[in-house]
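Taking it in order: structure first as structure tokens, then the write-up.
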Amino acid sequence: MRAWLLVGVIVAGTVAGDTLQSFEMKRHGEIRFRETGLSGLGKIAASLALKKYLILSIVCMAISFFAFMDLLSQADLSFAVPASAASFVFETILARWVLRERVDAKRWVGAALVAGGVALLAL
């Protein structure tokens, strides 16, 4: 039971982190490395370090990472990795409804197959 609780923390942290990161990077706009050169990388890093959604994204991903490390200490890798793949299903849903991205039929089928695989693990 504790393993599934950790999977829930991993999935929630990964989904929140990826969604917040995508949202903030879309808000920030394109980063053009060719025009900025090496001296401009510091300005870009400083600019990104002040983005609240990006900072929150990093916190969520850190929580997910440490929960995954804890999960690996008590469950097999053959369970941990496939179970944490449930994040792909939720990320697909949030990409469509929150970020307003276009999600084609192949991606929906892929997400459904992943959901089916995670459901098989639960049996």
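Every number in this text was worked out from the coordinates using simple rules, so none of it is lab data. Since we're looking at a predicted model, the values are computed, not measured. Reconstructed Cβ throughout: ideal geometry from the backbone, glycine too, with neighbour counts over all protein chains shown.
Within the same chain, lysines fewer than 8 places from residue 43 are excluded, and of the rest, those with a Cα less than 26 Å from its Cα are 26, 51, 52. Relative to the longest principal axis of the Cα atoms of the chain, helix 52-74 runs at roughly 30 degrees. What is the list of residues in region 97-123 whose amide nitrogen lies under 19 Å from a point 7 angstrom out from the Cα of residue 78, following Cα to Cβ? Under cut-off, by backbone N: 117-123. Of the residues 73, 87, 57, the one that moves most in a GNM of the chain with alpha-carbon contacts below 10 Å is 73. Can you give me the angle between helix 33-49 and the longest principal axis of the chain, using Cα atoms only, in degrees from 0 to 90, rounded to the nearest 10? So the inclination is approximately 60 degrees.
In which sequence would 6, 50 go, from the one with the fewest C-beta neighbours within 10 Å to the one with the most? Provide the component values of the computation, followed by the final result.
Details: 6 23, 50 8.
In order of increasing Cβ crowding within 10 Å: 50, 6.
Taking the helices alone, the chain has a mean residue ellipticity at 222 nm of -29000 deg cm²/dmol, built from -39,500 (n - 2.57) per DSSP H run of at least 4 residues and averaged over all its residues.
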